[in-house]
Each structure stands twice: as C-alpha cells, then as structure tokens.
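What follows draws every value from the coordinates through simple rules; no lab data is involved. Values in this document were obtained by computation on a predicted structure and should not be read as measured data. Here the Cβ positions follow ideal geometry from the backbone for every residue, glycine too, while neighbour counts run over all protein chains shown.
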Amino acid sequence: MTTLLRNCWYVALPGKDLKPGKMVHKKMLGEPVLVGRHEDGEVFAMRNICPHRGIPLQYGWMEGKDVCCCYHGWKFSSEDGHCREIPSLTEYDDLDISRIRVPTYPCREVQGNIWVYFAEDSKKELDPTTIPPVPTIPDFGKVSPGISETIDFACHIDHAIIGLMDPAHGPYVHSSWWWRSGPRKFRVKEKQYEPVPLGFRLVPYEMPVSARPYKILGNKVSIEIVFELPSVRTEILRGDRYSACLLTTITPIDETQCIAFQSIYWTIPWMGLFKPLLSLLTRKFLAQDRDVVIQQQEGLAYDPPLMLIDDADTQAKWYFRLKQEYQKAQAENRPFQNPVEPRILRWRS
Ligand code: FES
C-alpha cells in the first residue's frame, strides 16, 4: 500500500449531517479536523487542537464566526484561524495575539457534500490561487443527493479503492436475492477505457435493451463511469427522459482505516417515494464490500505478496500508476502526465 495523497479534496461528511451553528470533529489523513457550519450556512474546517495547551476545540463553542476554547476561553476566527481574544490578558500585557493561529483548511459544500482540502503541509497558510476546484458531477448543477450513505472500512484507502473499481468481485460479494441470485452466469465483458485529466473513464455506451431496471430513465440509456484521483468515482446514467448518478468517494481516516461516502442523485420527480428502499439497498450493498474487506484484513495481517492480473485488475494497476505519477509530478514541480492509454479491457463476470 502506498502513502496517502495530499494536495487533494476529500469529503468530510454529507452536508445534511451538519446543522447551522454546529461543529463536528473528524480524523482525516491522520489529522484532527473540526468542521463547522455558521448560522448563515457557510462551512469551515480548522485543526481541532487549541494552540494554547492542546485541548481539542470540539469541546468549545461557536460565537458568531469564531470558535472559543473550553479551557481558557481563547477565541479563534474560523475563517483564517487567527486568535481574536485571550480573556485573561490585561492592559499591561503586550502579547501580539494576531500571531497566534489555529491552522485552517479550505472547506466547501458542493452538491450536498462537505469537502476539505489537504495541502502538502496543512499547518502553513495557503495561497488560495493554488487550490484546485472541488470535484463536481457534470450535468447535475447544485442539486443535493436524494440519498447519502456513509460506511467505515477497516483498511488502507488503497484496498478500498481497488475494491471499488474491481469488476470481478460482483458475482461473489454482491450475490443477494435482491441483486444477483441463483447460479453465477458469467459473460465476457468488453469495455473501452480512456484517460481523463486525473484518471480514466469507461467510454459511454448504450445499455442493452435487456437491462430492464434502467428503463425508468428512458428508452435509450447510456452509462459512463469515471475514476479520478484521489478517490472519486462517478457512475452517470443518462436516459432520454431522466438521468441518475452514483458518486462514491473515499477519505482516509489514517493509514489503516478509511470511510466511504456514497451519494445518489437523480432527476426523476417521483423517485423520492422509493428513498427508504433505495437507502436500505445502498447500505446493504456497501456493507457487503465492508465485510469482505474485514475478512481480507485477517490475511493481510501476515503481509502476503499480492497479485494484480490482466485485464480484471488493470484498473487497479492504473490507480497505482496514477498515484505514483501524481506524487512524482508534485515532487518535481511539473505538470501531471496521465500514464493511462486508451484500451479495451475484457473480463468474465
Ligand atoms: S487550552 Fe485552549 S484556551 Fe487554553
């Protein structure tokens, strides 16, 4: 497994889980992060450690756009992290409190998810012009997802990601009565892939007429699947009547755990009626992936050599090459050069 990618946006939590005037604490990439929402709806993120004596700021409270520490009441701007007040100081003290700062993280709410940006060194103040745009699903504007589910994975993010893009595990891991049941009927799949700026995509193709569940989107339905670094997978179904999208992103908690966020968007007006059922199925589907990863950890504890084969594991190979190039380009201060070439992949599933 390789190191955690920085200079990237990661989802911290679904926007619906953070009400105005509230704060939540998270561990992301091994760092303690406090994410909050002002009364006006804007979100912010800062290091969850008071620079005075180290207590987590989560135990404090918000006062307007400031965060106050519970221990001695120091007050910090949630926008730039600078200290704005130390209640114990008197007129005889000449401490320049503006030099005291809690590191802040760029934080944005986009299409219903709250994203936090991790620079190379999150303790340094960032030049905002160097921050890339937040990953956004094309064609879906400012919509929020109809469904958001979150699930913990007890593994390094690399295992969760290559599990996510693995086309051969479906018939074994996702064999439920409501999804796939009975004897496994394998067919040869042949799909065209090509590079995109930070990853690769399954070139859109029209779904076969036999793919009945997709008919609710119209008669002609195409599918496009895109993966981009660090861990963003979008599966977009475009029909001649409606569209739907499944967004899956994975955020490292640390080197040994990560968390997957799945959001489902649609333009079907009556789809809200099926939300409870869809939520249940999404949770079950994610739990199947989580459970197999827990079993996998029992074997990985012995640090066995692992294999990636052609073509079923080619996407996993691309992921590791993309990640390596991303880090190399940054270390050499040069533009990223996508190592993926257009290619047809074939496998049986
Ligand atoms: S530890 Fe936070 S104000 Fe003292």
Exceeding 23 Å between C-alpha atoms, which entries from my cross-link table qualify? They are Lys16/Lys323; Lys185/Lys220; Lys26/Lys123; Lys26/Lys65; Lys75/Lys123; Lys189/Lys284. Lys16/Lys323; Lys185/Lys220; Lys189/Lys284
Cα to Cα, under 13 Å, and not fewer than 8 places away if on the same chain: which aspartates and glutamates meet these conditions relative to Lys22? Glu39, Asp40, Glu42, Glu63, Asp66
Of Cys8, Val173, Trp74, which is farthest on the positive side of the dipole of the chain, counting Cα position, with +1 on Lys and Arg Cβ, -1 on Asp and Glu Cβ, and the Cα centre as origin? Val173
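With runs of 4+ DSSP H residues as the only contributors, calculate the mean residue ellipticity of the chain at 222 nm using -39,500 (n - 2.57) per run, divided by the residue total and rounded to the nearest 500. Write out the running numbers ahead of the final one.
Working: 4 runs with 56 residues, N = 349.
Taking each H run of at least 4 residues, the total per residue is -5000 deg cm²/dmol.
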The chain: Cys lacking any partner C-beta under 4.7 angstrom: Cys8, Cys68, Cys70, Cys83, Cys107, Cys155, Cys245, Cys258
Could you work out how far helix 314-331 tilts from the main Cα principal axis of the chain, as a 0 to 90 degree angle to the nearest 10? 30 degrees
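Which of rounded, prolate, oblate describes region 220-291, given a ≥ b ≥ c as roots of the alpha-carbon gyration tensor eigenvalues and a/c under 1.5 marking rounded, otherwise prolate only if a/b is larger than b/c? Present the calculation step by step, with values, prior to reporting the outcome.
Values: a/c = 2.82, a/b = 1.51, b/c = 1.87.
Oblate shape, in that a/c is at least 1.5 and b/c is the bigger or equal ratio.
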How far apart, in nanometres, would the label points at Asn333 and Arg321 be if each is projected 7 angstrom from Cα along the Cα-to-Cβ direction? 2.8 nm
With +1 on each Lys and Arg Cβ and -1 on each Asp and Glu Cβ, how big is the dipole of the chain about its Cα centre, in debye rounded to the nearest 20? 1640 debye
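Considering Cα pairs under 8 angstrom that are at least six residues apart, work out the relative contact order of the chain and quote it in whole percent. If you can, show how the numbers build up before the last one.
On the way: 660 pairs, mean separation 64.2, N = 349.
That works out to 18 percent.
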Working from Cα positions, state the angle (0 to 90°, nearest 10) between the long axis of helix 275-300 and the longest principal axis of the chain. 90 degrees
